[in-house]
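Student: Structure incoming, see below.
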Amino acid sequence: MSFVERVFSGVQPTGNLHLGNYLGAIVNFVKMQETHNCIYCVVDMHAITMGMDVWGGPAELARTTREVTAAFIASGIDPKKHIVFNQSQVSGHAELAWIFNCVARMGWLNRMTQFKEKAGKDRENASVGLYDYPVLMAADILLYRATHVPVGEDQKQHLELSRDIAQKFNNDFGDSIRSHGAHDGMLFPLPEPLIMGAATRVMSLRDGTKKMSKSDASDYSRINLTDDADTIAQKIRKAKTDPEPLPSEEKGLEPRPEADNLVGIFAALSGRSKADVLRDFGGGQFSSFKNALVELCVTKLSPIAGEMKRLVADPGHIDAILIDGSDRARAIADETMKLSKDVVGFIRRR
Ligand code: TYM
């Protein structure tokens, strides 16, 4: 079976969306719309895998689900031409995840570094959902038989697992898949990660060796998409640097994680390469580079924050977008579920 190219990706509605989510993922979501049919999902079922203290409880989950939707649209995702929806409205995600639970191996999941990081020392107390999270993620992608998945670098290992699951399913059920009409015995494509741009791993503004994350206790570690101009300026001015002037060549950034991070952010926001940015700022002090970075961040992010504010003020409108998107997503998902059930041997109403 040759697969029609299709893009799928997801963002969790937990805490604050930040510059890492924007540059590592959302900017590329926007770009992919020009060349592909795209499905962008607010993955509310993934959000509840952590403790309620992390995702904030039912009212907060609904609020952040709408906020992420607003961020997609404010950043330039078109929910009419493409599909924007929240995961829990399409039951196929959970159904396919169950089938994949019986395909994926414990040994594969035991290697997932994100589970180890998120579960921390108290692994016995982590939810089963957190452990199983990458299997649900594979189901998210393969429910739409998506071929391309734009993500930040931290999701690479999960994408490899999705490919392993797709391949094992195709192998295990190859004869059945063929008997249901796919002559090459492939029900699922092996999805390709698209890790693009100059900021595939945006680091904390307080520590260039740590990823910028929603869960960092310090708000100064990240720029949130909802921050106002003054807050952005303050955070960048306080961002950790080192005493040396900026290097003139990219190689000079290698041993300097904070400088590398700020130059990467500048490059990604301005659509230039790091080398190009260093041509302008190499040899100069951080203070003047930071001034330019503040201006760039405010110019790029303020309109998004303004538009998000306008959108979240009308939750009914956002909910209507999510319902419409879910209806269109479900139409595609239902086809995959019918095929998957037939291939596995589950009897269903015809
Ligand atoms: P999540 O919600 O943690 O992050 C959403 C997207 O933002 C990227 N990202 C970053 N990129 C660069 N630098 C950073 N510091 C940074 N932090 C986050 C992530 O790589 C991601 O692309 N498991 C996913 C959500 C998901 C998904 C999927 C993604 C569920 N199902 C299916 C793709 C396909 C996650 O937790 O992303």
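The values are calculated or read from the model by the stated rules, or taken from the named source; none is laboratory data. Everything numeric here is computed off the predicted structure, so don't read it as measured data. All Cβ positions, glycine included, derive from the backbone under ideal geometry; neighbour counts span all protein chains shown. With ligands, DNA and RNA removed, areas are computed over all heavy atoms of the protein, side chains included. Shrake-Rupley method; radii C 1.70, N 1.55, O 1.52, S 1.80 Å.
Student: Among His36, His18, which is at pLDDT 95 or above, more than 28 Å from Tyr220 (Cβ to Cβ) and not acidic (Asp, Glu)?
Tutor: Only one candidate qualifies: His36.
Student: State the number of residues belonging to segment 220-229 that are in contact (Cβ under 8 Å) with a residue 24 or more places away in the chain and in a helix (DSSP H, G or I).
Tutor: Result for segment 220-229: 1.
Student: Continuing with the same structure: Quick one: which of Ser215, Ser204 is within 28 Å of Leu159 (Cα to Cα), surrounded by fewer than 18 Cβ atoms within 10 Å (Cβ to Cβ), among the hydroxyl-bearing types (Ser, Thr, Tyr) and within 11 Å of the ligand (Cβ to nearest atom)?
Tutor: Only one candidate passes the filter, namely Ser215.
Student: Does segment 29-47 contain any residue that is in contact (Cβ under 8 Å) with a residue 40 or more places away in the chain and away from the ligand (no atom under 15 Å from the Cβ)?
Tutor: Within segment 29-47, one or more residues are in contact (Cβ under 8 Å) with a residue 40 or more places away in the chain and away from the ligand (no atom under 15 Å from the Cβ).
Student: Let me ask another. Would you pick out the residues in segment 166-191 that are open to solvent by 60 Å² or more (accessible area, probe 1.4 Å) and either without any contact (Cβ under 8 Å) to a residue 40 or more places away in the chain or under 17 Å from Asp154 (Cβ atoms) (or both)?
Tutor: Within segment 166-191, Gln167, Asn171, Asp175, Arg178, Ser179 qualify.
Student: Turning to a different aspect of this structure: Are any residues in segment 75-90 more than 17 Å from the chain's Cα centre (by Cα) and either at positive phi or without any contact (Cβ under 8 Å) to a residue 24 or more places away in the chain (or both), and if so, which ones?
Tutor: Scanning segment 75-90 gives a single hit, Lys80.
Student: Let me ask something additional. With the requirement that a residue be β-branched (Val, Ile, Thr) and either touching a strand residue (DSSP E or B) at 6+ places or on another chain (Cβ under 6 Å) or touching a residue at least 40 places away in the same chain (Cβ under 8 Å) (or both), what does segment 293-305 give you?
Tutor: Scanning segment 293-305 gives Val294, Val298, Ile304.
Student: Another question, then. Which of the residues belonging to segment 230-258 are in a helix (DSSP H, G or I) and open to solvent by less than 50 Å² (accessible area, probe 1.4 Å)?
Tutor: Result: Thr231, Ile232, Ala233, Lys235, Ile236, Gly252, Leu253, Pro257, Glu258.
Student: How many residues does segment 306-350 hold that are aliphatic (A, V, I, L, M) and free of Cβ contacts under 8 Å to residues at least 60 places away in the same chain?
Tutor: Total meeting the criteria: 4.
Student: Can you confirm whether segment 247-257 contains a residue that is without any contact (Cβ under 8 Å) to a residue 60 or more places away in the chain and within 16 Å of the ligand (Cβ to nearest atom)?
Tutor: Within segment 247-257, one or more residues are without any contact (Cβ under 8 Å) to a residue 60 or more places away in the chain and within 16 Å of the ligand (Cβ to nearest atom).
Student: For Ala229, which of the numbered conditions (1) under 23 Å from Thr64 (Cα atoms); (2) away from the ligand (no atom under 12 Å from the Cβ); (3) within 24 Å of the chain's Cα centre (by Cα) fails to hold?
Tutor: (3)
Student: Among the residues of segment 119-152, write down those that are assigned to a helix (DSSP H, G or I) and either more than 10 Å from the ligand (Cβ to nearest atom) or open to solvent by 80 Å² or more (accessible area, probe 1.4 Å) (or both).
Tutor: Within segment 119-152, Ala119, Arg123, Glu124, Asn125, Val128, Gly129, Leu130, Tyr131, Asp132, Val135 qualify.
Student: Could you identify the single residue in Thr35, Thr65, Thr49 that is hydroxyl-bearing (Ser, Thr, Tyr) and within 15 Å of the chain's Cα centre (by Cα)?
Tutor: Exactly one of Thr35, Thr65, Thr49 is hydroxyl-bearing (Ser, Thr, Tyr) and within 15 Å of the chain's Cα centre (by Cα), namely Thr65.
Student: Here's something else I'd like to know. Hey, Asp227 hits all of (1) surrounded by 19 or more Cβ atoms within 10 Å (Cβ to Cβ); (2) within 23 Å of Pro13 (Cβ to Cβ); (3) touching a strand residue (DSSP E or B) at 6+ places or on another chain (Cβ under 7 Å) but one; which does it fall short on?
Tutor: Result: Asp227 passes all but (3).
Student: Would you please name the residue that is farthest from Ala138 (Cα to Cα), looking only at residues in segment 51-67 that are β-branched (Val, Ile, Thr) and touching an Asp or Glu at 6+ places or on another chain (Cβ under 9 Å)?
Tutor: Among residues in segment 51-67 that are β-branched (Val, Ile, Thr) and touching an Asp or Glu at 6+ places or on another chain (Cβ under 9 Å), the one farthest from Ala138 (Cα to Cα) is Thr64.
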